[in-house]
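These notes concern the structure reproduced below.
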Amino acid sequence: MAEFVYRCTECQRTYSREDVRYLCPECGKTYHPGIPLKGVLEAVFDYEAIHAKFNQARPDWNLFCAVEPEFHPPLAVGSTPLTPANKLGAELGLANLWVKNDGLNPSGSLKDRASFLVVAEAMRLGEKRIVAASTGNAASALAAVCASTDREALIFVPEKAPKAKLVQMVLYGARVIPVKGTYDDAFRLSLEYTDQRGGLNRNTAYHPLTIEGKKTAGLEIWAQLGFQVPDAILVSVGDGVIIAGLHKAFVDLQRAGLIDRLPRLICVQAATSDAIHKYIQTGQYEDAENPTTRADSISVSCPSNAHWARRAVLETNGCSILVSDGEILEAQAQMARTTGIFGEPAAATAAAGLVKLQQSPARLSATDCIVILATGHGLKDVEAPLARISIPAAIEPELDAVIE
């Protein structure tokens, strides 16, 4: 582990890891549930030391980690494959397309990365209970990682969370509390709980180590491409923490003098859950009015990390794009058919954004190195694709019936 301090992304004040736990004590004073988080903290490392110690032949990723290895849970998280998507690339006119398949994490989503690091921090602090609000994946991830340790997961989820994700949470042994309302309601309730009853709150961006955990996907992409920076990464965006994590990964690498440029980060949102897209386009923040979408994992009215997500796109000369539920489900089928990767609707949202982008004047170059980040496994929500496909009827067990 490298030495680090927390720095506020707004006022730039710095704090030791023992002095803060969630938001900047100054900027966070004005935060209240119902607005994007204020005073989100980032871990700032000794980048000169990282540069001196990092060896590509034997990369020590603990140099970029904010929790000591002795506190890491035993569950194997990360190291997911980066797969060449040649067939899909051919259909889109792209010669160097890849899919980072984070649906192969233990609980089936990228959220395992954030939960892993927050549970590690709970182990370091001696906290026995970790609390989270989630539409499903973050909760499943927290429940899975806690199940591998002696920590307790307390989960607040919207009552309409997909059953497959609820099944995961319960089987992992979490205490699950369905909330009659939205993700935003669950988020508020979880903050009230930890404020009054204690425990470590894992909510995305509210706890800075969620961003640190998710950045590991970006570090892996860099290494898996032969320590080369891709030209663009397409990211499905809900609350804005995954895209911020990718941004943090490449900023850390650049600060350490290991790369000389950042990849373009392309934000893809469901057309109804569009708060960050509108913020990028106009510079004025407004909640999404009706964020209901089949891509439940990115359905959010008030994205917690809107400010950093917008900065991630602007600082990397990226862009944002909206896709409909129909485009998402079509891309889900196309990605499965051409790559063998079955992503849930939220994971396929990034692929849908690439399809749409390539049909526009802003299309990416045919020779660009492009990565689609597939954030969750399709078995998380099989009801969504069932709305567009039909299962063949059974036949008699005779060859003539097969031929007919």
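Values quoted throughout were computed directly from the atomic coordinates according to the rules given, and no laboratory measurement underlies them. As the structure is a prediction and not an experimental result, all values here were calculated from the model. Counting neighbours? That spans all protein chains shown, and the Cβs are built from the backbone with ideal geometry, glycine included.
Express the C-alpha Rg of the chain as a ratio against the empirical globular expectation 2.2 N^0.38 Å, rounded to two decimals.
Values: Rg = 20.6 Å, N = 404, 2.2 N^0.38 = 21.5 Å.
So the Cα radius of gyration is 0.96 times the expected 2.2 N^0.38 Å.
Label segment 246-383 by shape, choosing from rounded, prolate and oblate, from the square roots a ≥ b ≥ c of the eigenvalues of the Cα gyration tensor; if a/c is under 1.5 it is rounded, and otherwise prolate applies when a/b is larger than b/c, oblate when it is not. Intermediate values should be presented prior to the final figure.
On the way: a/c = 1.63, a/b = 1.18, b/c = 1.38.
Oblate, because a/c is 1.5 or more while a/b does not exceed b/c.
Can you sort ILE391, ILE35, ILE321 from fewest to most other Cβ atoms within 10 Å of each residue's own Cβ? Spell out each step's value before the answer.
Numbers: ILE391 6, ILE35 13, ILE321 21.
Ascending Cβ contact count within 10 Å gives the list ILE391, ILE35, ILE321.
Give me the compactness ratio for segment 159-220, meaning the Cα radius of gyration over 2.2 N^0.38 Å. Provide the component values of the computation, followed by the final result.
Working: Rg = 13.7 Å, N = 62, 2.2 N^0.38 = 10.6 Å.
So the Cα radius of gyration is 1.30 times the expected 2.2 N^0.38 Å.
Based on other C-beta atoms within 10 Å, arrange LYS111, LYS100 from fewest to most.
Values: LYS111 33, LYS100 26.
Going from sparsest to densest Cβ surroundings: LYS100, LYS111.
Please state the charge dipole magnitude for the chain, taken about the Cα centre, from unit charges on C-beta atoms (+1 on K and R, -1 on D and E), reported in debye and rounded to the nearest 20.
Values: 39 positive and 46 negative charges, 129 e Å.
In debye, rounded to 20, the chain gives about 620.
To the nearest 500 deg cm²/dmol, what mean residue ellipticity at 222 nm is calculated for the chain from DSSP H runs of n ≥ 4 alone, each contributing -39,500 (n - 2.57), summed and divided by the residues?
Details: 14 runs with 150 residues, N = 404.
It lands at -11000 deg cm²/dmol.
Mean 1/r over all different Cα pairs, inverted: what Kirkwood radius does segment 80-198 give, in Å?
15.4
Evaluate E = 1/(1 + (r/R0)^6) for ASN62 and ALA401, where r is the Cβ-Cβ distance and R0 equals 45 Å; express this FRET efficiency to the nearest 0.05.
On the way: r = 59 Å, r/R0 = 1.32.
Approximately 0.15, to the nearest 0.05.
Can you sort LYS214, LYS180, LYS128, LYS356 from fewest to most other Cβ atoms within 10 Å of each residue's own Cβ? Can you show the working numbers first?
Numbers: LYS214 27, LYS180 8, LYS128 15, LYS356 18.
Result, fewest neighbours first: LYS180, LYS128, LYS356, LYS214.
Along each of the three principal axes of the Cα atoms of segment 204-244, give the extent in whole Å, ordering the values from largest to smallest.
33, 18, 9
Which of the lysines could a cross-linker span from LYS214 if the Cα-Cα distance has to be under 16 Å and same-chain partners fewer than 8 positions apart are dropped?
Within the straight-line limit of under 16 Å, LYS214 reaches these lysines: LYS100, LYS111, LYS248.
Suppose we look only past 22 Å in the calculated P(r) of segment 1-119. What percent of the Cα-Cα pairs does that tail hold? Before the final figure, lay out the partial values.
Working: 4005 of 7021 pairs.
For segment 1-119, the fraction of Cα-Cα distances above 22 Å is 57 percent.
Residues with beta-carbon under 9 Å from that of ALA288, excluding ALA288: net charge, scoring Lys, Arg +1 and Asp, Glu -1?
-3
Taking the inverse of the average 1/r across all pairs of different Cα atoms in segment 291-352, what Kirkwood radius in Å do you get?
Working: mean 1/r = 0.0782 Å⁻¹.
It is 12.8 Å.
Below 8 Å between Cα atoms, with a sequence gap of 6+, how large is the relative contact order for the chain in percent? Mind dumping the intermediate values first?
On the way: 886 pairs, mean separation 69.5, N = 404.
So the answer I get is 17 percent.
Given segment 182-279, report the % of alpha carbon pairs whose separation exceeds 23 Å. Walk me through the numbers before you get to the answer.
Numbers: 1784 of 4753 pairs.
In whole percent, the long-distance tail amounts to 38.
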